[in-house]
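All remarks here apply to the structure that follows.
Taken together, the values in this text are just the output of simple stated rules run on the coordinates, not laboratory data. None of these values were measured; they are calculated from a predicted model. Positions of Cβ are generated from backbone atoms using ideal geometry, with glycine treated the same way; all protein chains shown enter the neighbour counts.
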Amino acid sequence: MKKLLVTLASLILALVLAAAPALAAGKKDPLAAWKPKFDPSGAEYTYILSNISHPVIEGIAAGYRIRDAVWEKSKGRLYVDFRPLAQLGGEKDVIAKLKLGAVQGMMASSVAAANVADRLGVVNLPYVVDTFDKLDKFRNDPELWVPFANSALSKGIMVADITGYGTYGWATTAPVRNLEDAKKINFRIAQAPVNADTYKAWGLKFTVMPWPDVPQALQTGVINGLDHTAIVCNITKKFTIAKYFTQLDYAQGLFIHLINKRWFDR
């Protein structure tokens, strides 16, 4: 009997090992469509640019357009190594790497960017920059934009520009029809003081959590709602569990392009 079990275990192991290459080959690269059409191996400099979300969203795909434009304008000297999908970790971790210079650039969500400088969180205050007209005015008015863009210089961080990813609302496992319904939800919010202050002012329950931890937290019931944009929730399949969406439009979802100034000045 023991010999039979050993033989069976060996057979199972052999089958698993034989199947592994096929499974690996069948696994699709989610970023295959965005591979560069040039060989970056000869670049003199490399600029690692991080982002937490998926480039199928136009505001995130901008990272690849930056890569291609910089490659062309630098004549192949500078390669922007764009890393979306949280390849380098959660945003708070990447901000720490950015300050150290281990990462040279980051398209940080505006909520997370408030951890770099308080003023960067102003765009996430409810109903301050909540429409495209307000956003255009904010970006194109030097009196508004310059103090915002310069607010992180004391931390060694430059603000280059912004891109968008929709307007904020609530994805929840139960419908939210009014404030009383909302008070029954434990919302996941980003690791940002501006969000925590907002939810405290609204009198709502919340859990601060890195974005990569959200899928498991939703599945296990640690949270039953999240504060994000509809397009991000749809693309990242949050609606498979949190099937209800409340369109609040209280803020624009923005990615702020942060650059390590020490690297830039070299």
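With a cut-off of 8 Å between alpha carbons and a minimum separation of six or more residues, what is the relative contact order of the chain in percent?
This gives 24 percent for the chain.
With both partners inside the chain, how many of the DSSP beta bridges are antiparallel, as a percent to the nearest 5?
About 60 percent, rounded to the nearest 5.
Taking every alpha carbon pair in the chain, what does the distance histogram look like in 10 angstrom bins from 0, in percent?
Result, from short to long distances: 6, 26, 30, 20, 10, 5, 2, 0, 0 percent.
Applying 1/(1 + (r/R0)^6) with R0 = 45 Å to the Cβ-Cβ distance of TRP202 and SER74, what FRET efficiency is obtained, to the nearest 0.05?
0.45
Just from its helices, what would the mean residue ellipticity at 222 nm be for the chain, if runs of 4 or more DSSP H residues each count -39500 (n - 2.57) and the sum is divided by every residue, rounded to the nearest 500 deg cm²/dmol?
Here the helix-only value at 222 nm equals -11000 deg cm²/dmol.
Just to verify a number: FRET efficiency for ARG262 and ASP39, C-beta to C-beta distance, R0 = 22 Å, to 0.05?
0.15
A 21 angstrom limit on the alpha carbon distance is what I want to check against. Which of LYS75/LYS99; LYS92/LYS155; LYS37/LYS238; LYS92/LYS134; LYS92/LYS183; LYS92/LYS261 exceed it?
Violating the 21 Å Cα-Cα cut-off are LYS75/LYS99; LYS37/LYS238; LYS92/LYS134; LYS92/LYS183.
Shape verdict for segment 168-252, please, from the Cα gyration tensor: rounded (a/c under 1.5), prolate (a/b greater than b/c) or oblate.
Note, shape of segment 168-252 comes out rounded.
Return the distance in nm (one decimal) between the two label points of a simple spin-label model at VAL222 and GLN87, each offset 7 Å from Cα along Cα→Cβ.
Calculated label separation equals 2.6 nm.
From Cα pairs below 8 angstrom and at least 6 apart in sequence, can you work out the relative contact order of segment 168-252, rounded to a whole percent?
52 percent
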